Amino acid sequence: MAAAQGCPVVSLGVPAFFFIAAMAQCAVVVLVHGQSQEGFISIDCGIAAGTSYVEADNNITYESDMDYIDTGVNHMILSPSDWPKRYHTLRSFPEGIRNCYKLRPVSSDKKYLVRAGFHYGNYDDKNSTPVFDLYIGVNLWRTLGKDPFIEEIITVVPTDYDSLFVCLVNTGQGTPFISVLELRPIPDSMYLLANKSQSLVLTENRRYYGAIPILRYPRDPYDRIWFNSGVSGVYSLNTTENVKIGTLMDEFQVPSSVLSTAIRTYNTSYHLPLSIKVVNARAGDTIYVLMHFAELELLMSNETRQMNIYQGEGDGSGRLLFANYTPPYLEADARVANATLQGGEDATYNLSIYASASSTRPPMINALESYMFRPMAVLVTHHGERILSPPNRREAQQSPI
């Protein structure tokens with residue numbers, strides 16, 4: 001499917017809200033009316049109590065936050081015309097150090113994707129974006145200080161809980177605020193490294209290599225947001241065939257519409273460089289990278305696509321992660337890499353995909369996700385007591401960068 005005429009070219013490194021604003025203008029998402037939103041919590045923070053509406057760009061029903069929090073002040077941003085409706089308002093928290101949304105109903109021991117959106121929009125006419133902390137329960141999720149921005153975490157609800165708390169904490173650098181808060185249930189069989197001991201924090205936009213600037217619900221039933229990654233100097237691949245997903249080995253359930261497009265180099269002499277920026281990282285954090293593949297070209301009997309995937313470069317300075325990898329034809333597959341960050345606040349994780357010596361076809365990739373592990377070391381009981389969570393029993397193999 002081609003992008004609508006006049007839609008902007010999407011590139012990584014630009015805050016996600018600019019893409020969302022572009023979507024409101026381009027109207028390139030095909031909506032499937034009537035698809036279930038069961039279990040979704042979609043909150044437009046700051047709209048009038050008791051109101052709700054269906055958002056034009058994603059067909060999702062958003063409601064006011066009156067049932068989830070009883071503190072804070074509602075505001076309109078100053079120039080909302082270019083933004084989807086859910087970013088026209090926000091709730092700020094000028095009083096108190098810690099203000100928390102109580103998201104419910106949720107199910108104990110179940111896995112959820114939680115997404116928070118922030119668009120300052122100079123609502124207070126101070127022209128100064130505040131810096132504050134975002135928590136999931138009592139665990140630090142991320143320090144915020146950019147405008148606009150989306151934060152996302154995959155987490156498991158503690159045992160015996162029927163609520164999930166998202167908290168904004170004042171650190172003395174401006175008044176915390178929030179524009180949008182979303183919760184989506186996902187199966188326990190997905191993202192197995194998200195468990196009671198640790199959550200997965202999305203490091204940057206999910207990338208896919210298709211024609212639509214943004215792909216999300218209903219094309220992705222779990223409402224993950226996939227951003228078109230504009231890459232120069234590569235050849236685009238696509239298929240009208242359905243890419244098979246949902247096999248026993250597929251814990252990521254990437255939609256067929258994401259995997260039906262890809263990029264490759266023009267020939268085997270060139271490689272695909274992949275660079276992932278990690279903002280507000282702490283030395284010792286672990287990055288978890290998911291590379292998604294599906295072969296889209298029907299190769300002849302004398303053709304092969306074999307790839308060597310490196311951490312760093314494939315010129316001898318990098319570390320070989322996967323040798324002679326061949327993606328399956330029209331079937332979802334993934335390769336996972338991880339490393340311990342040593343760069344402190346901001347770090348870059350580099351991968352390179354090369355054609356192997358015996359490959360007749362150039363390297364390719366369909367989509368990419370990257371996360372940081374966030375230990376859920378402390379939980380809160382119903383009585384406000386703090387307890388230590390059990391140790392993580394599944395350790396990812398690590399290498400420093």
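The set of residues in the range 223-251 being surrounded by fewer than 17 Cβ atoms within 10 Å (Cβ to Cβ) and among the aromatic types (Phe, Trp, Tyr) consists of 235 alone.
Listed by first and then second residue, the pairs with beta-carbon distance under 9 Å, at least 6 apart or on different chains, first residue in the range 232-256 and on the phi > 0 side of the Ramachandran plot, second hydroxyl-bearing (Ser, Thr, Tyr), are 233/265; 233/266; 233/270; 253/189; 253/222.
Of all residues assigned to the range 135-158, at least one qualifies as being within 16 Å of the chain's Cα centre (by Cα), under 28 Å from residue 289 (Cβ atoms) and not in a strand (DSSP E or B). Scanning the range 296-338 for residues that are free of Cβ contacts under 8 Å to residues at least 40 places away in the same chain and not in a loop (DSSP other than H, G, I, E, B), we see that the one that is farthest from residue 254 (Cα to Cα) is 320. No other residue among 174, 230 is in contact with a Ser or Thr (Cβ under 8 Å, 6 or more places away or on another chain) and either assigned by TED's automatic domain parsing to the domain that holds residue 88 or of a type in the set (Asp, Glu) (or both) apart from 174. Only one entry in 335, 374, 305 is of a type in the set (Lys, Arg) and either modelled with pLDDT under 95 or within 30 Å of residue 162 (Cβ to Cβ) (or both), namely 374.
Would it be correct to say that residue 181 is farther than 25 Å from residue 328 by Cβ and either in a loop (DSSP other than H, G, I, E, B) or assigned by TED's automatic domain parsing to the domain that holds residue 45 (or both)? When the stated conditions are applied, residue 181 passes them. Can you name the condition, by its number, that residue 177 falls short on among (1) touching a His at 6+ places or on another chain (Cβ under 8 Å); (2) buried (at least 19 other Cβ atoms within 10 Å of the Cβ); (3) modelled with pLDDT under 95? Tallying (1) touching a His at 6+ places or on another chain (Cβ under 8 Å); (2) buried (at least 19 other Cβ atoms within 10 Å of the Cβ); (3) modelled with pLDDT under 95, residue 177 fails exactly one: (3). Scanning the range 159-174 for residues being assigned to a strand (DSSP E or B) and either touching a His at 6+ places or on another chain (Cβ under 6 Å) or closer than 17 Å to residue 42 by Cα (or both) gives a total of 4.
Inside the range 128-151, residues that are in contact (Cβ under 8 Å) with a residue 60 or more places away in the chain, under 22 Å from residue 205 (Cβ atoms) and out of contact with any Phe, Trp or Tyr (no Cβ under 6 Å at 6 or more places or on another chain) make up a count of 6.
For the range 151-160, the count of residues that are loosely packed, with under 15 Cβ neighbours inside 10 Å, assigned by TED's automatic domain parsing to the domain that holds residue 48, touching a strand residue (DSSP E or B) at 6+ places or on another chain (Cβ under 9 Å) and modelled with pLDDT of 95 or more is zero.
The values are calculated or read from the model by the stated rules, or taken from the named source; none is laboratory data. None of these values were measured; they are calculated from a predicted model. Glycine gets a Cβ as well: all are built from the backbone with ideal geometry, and neighbour counts include every protein chain shown.
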